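*Asks:* Take this structure first; my questions come after.
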Amino acid sequence: MPPTLPPSTRADATGSDGEHGDGAADGAFLRRLLSASPDCVKVLDLDGRLLSMSRAGQLALEIDDLTPHLGTCWTDWWLGADRDAAAAAVAAAAAGGTGRFEATALTATGKAKWWDVTVTPIPGTDGQPERLLSVSRDVTALRAARDAAAERLDRLRSVVDSATDYAVISVDPAGTIDGWSTGAVATFGHAEAEAVGRPFDLIWTPEDRAAGSPGQELAAAERDGVAPDNRWHVRADGRQIFVVGSTRPVRNAAGGLTGYVKVCRDETGARAADDELADARRRLDAALSGGRVATWVWEVGPDRLYADRNMRAFFDLPADDGAGLPVAAYVEALHPADRLAVTAALG
């Protein structure tokens, strides 16, 4: 709340010179100009004492009567470290420079508001600072919106970092990494400080770098809206891992490209298991083919029979299109003398 000093300590708010002729008109115009501003506009003396304040400023500070506040030390309106910032701004302006700071102060009714404050010198006829102009803009709503946005950003970051099984990497339009989640640290082994600022090709194999694959993936994401990425990448320790994921463009409200985000997961173990299973199937197929043994699988509910190559050859069944055949196709291929028994066995 703006403090009140005894009348004996107040400065003369009228100034040292009267207004005559054109000066009076200019002064009246200046007062109208300042009153048109929605900001809190104040004139201070070189020591920072209040000489005048715009009507908008009085309304913003909820001051009904400005008289008790004239001549008070404006820097005392601020609290703690903010008072030091105000004093520094006054000193800078009194020396001919510009002081600026953002801080909170109380209105006359005790309501806290945030202000963006600029203090500049008002030169006299000799060009030297004669008084100071302080313009304070109420940024309470802007500050609240900024704090809310920062809180949402922190919450989003916490959500992303909690997904430690997934690497989330953001890339700017130039292809430079500017975001690196906790999952990315676990997946690729680079600390965030090591990865941010590095090219997107940091995690790519030398072969893919030489082929231009990193840039091609970003271009595909921008063109198609998504670029699948199921390939081998390289960790900080040089070990290659197989990751499954995709890269998508990030656009602003106007549709302009602001970057990319890549989300992927280390599937090296699953890839190894798939490779082992495929190898086992190849070995089984080779053994069955050499031993003239046929195998088939019948899904009873949908009545689909899936036969291997030997089975189709033995019974002259159609080529497998992946959709399977009804079991009747197998029964029809049997010798007529065997069909009844096989049908009964199949239930």
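The values are calculated or read from the model by the stated rules, or taken from the named source; none is laboratory data. In this text the structure is predicted, and so the values were computed from the model without any measurement. Heads up, the Cβs are rebuilt from the backbone with ideal geometry, glycines too, and the neighbour counts pull from every protein chain shown.
*Asks:* Being crowded, with 20+ Cβ neighbours inside 10 Å, aliphatic (A, V, I, L, M) and touching a Pro at 6+ places or on another chain (Cβ under 9 Å) is the requirement here; does residue 44 meet it? Even if it seems obvious, please write down each step before you answer.
*Replies:* Details: crowded, with 20+ Cβ neighbours inside 10 Å: yes; aliphatic (A, V, I, L, M): yes; touching a Pro at 6+ places or on another chain (Cβ under 9 Å): no.
Criteria not met by residue 44.
*Asks:* Does any residue in region 224-243 that is part of a loop (DSSP other than H, G, I, E, B) come within less than 7 Å, Cβ to Cβ, of a residue that is of a type in the set (Phe, Trp, Tyr) six or more places away or on a different chain, and which pairs are these?
*Replies:* 235/188; 236/188
*Asks:* Within the set of pairs 6 or more residues apart or between chains, which connect a residue that is among the β-branched types (Val, Ile, Thr) inside region 301-328 to a residue that is modelled with pLDDT of 80 or more and surrounded by 15 or more Cβ atoms within 10 Å (Cβ to Cβ) with Cβ atoms less than 9 Å apart?
*Replies:* If the second residue must be modelled with pLDDT of 80 or more and surrounded by 15 or more Cβ atoms within 10 Å (Cβ to Cβ), the pairs left are 327/298; 327/305.
*Asks:* Hey, can you tell me all the residues within region 162-193 that are over 13 Å from the mean Cα position of the chain (by Cα) and acidic (Asp, Glu)?
*Replies:* Residues satisfying the conditions are 165, 192.
*Asks:* Does region 190-198 contain any residue that is more than 26 Å from residue 158 (Cβ to Cβ) and either out of contact with any Pro (no Cβ under 7 Å at 6 or more places or on another chain) or of a type in the set (Gly, Ala, Ser) (or both)?
*Replies:* Among the residues of region 190-198, not one is more than 26 Å from residue 158 (Cβ to Cβ) and either out of contact with any Pro (no Cβ under 7 Å at 6 or more places or on another chain) or of a type in the set (Gly, Ala, Ser) (or both), which makes the answer no.
*Asks:* Hey, can you tell me all the residues within region 325-338 that are surrounded by 14 or more Cβ atoms within 10 Å (Cβ to Cβ) and either farther than 14 Å from residue 312 by Cβ or touching an Asp or Glu at 6+ places or on another chain (Cβ under 7 Å) (or both)?
*Replies:* 327, 331, 333, 334
*Asks:* Here is a follow-up. Which of the residues spanning region 201-223 are surrounded by 15 or more Cβ atoms within 10 Å (Cβ to Cβ), out of contact with any Phe, Trp or Tyr (no Cβ under 7 Å at 6 or more places or on another chain) and either under 11 Å from residue 233 (Cβ atoms) or charged (D, E, K, R) (or both)?
*Replies:* 201, 202, 204, 208, 209, 217, 222
*Asks:* Tally the residues that are touching a Leu at 6+ places or on another chain (Cβ under 7 Å) and in contact (Cβ under 8 Å) with a residue 12 or more places away in the chain, restricting the search to region 329-347. It would help to see each step written out before you state the result.
*Replies:* Taking region 329-347 first, the residues touching a Leu at 6+ places or on another chain (Cβ under 7 Å) are 329-330, 333, 342.
From what's left, in contact (Cβ under 8 Å) with a residue 12 or more places away in the chain: 329-330, 333.
Number of matching residues: 3.
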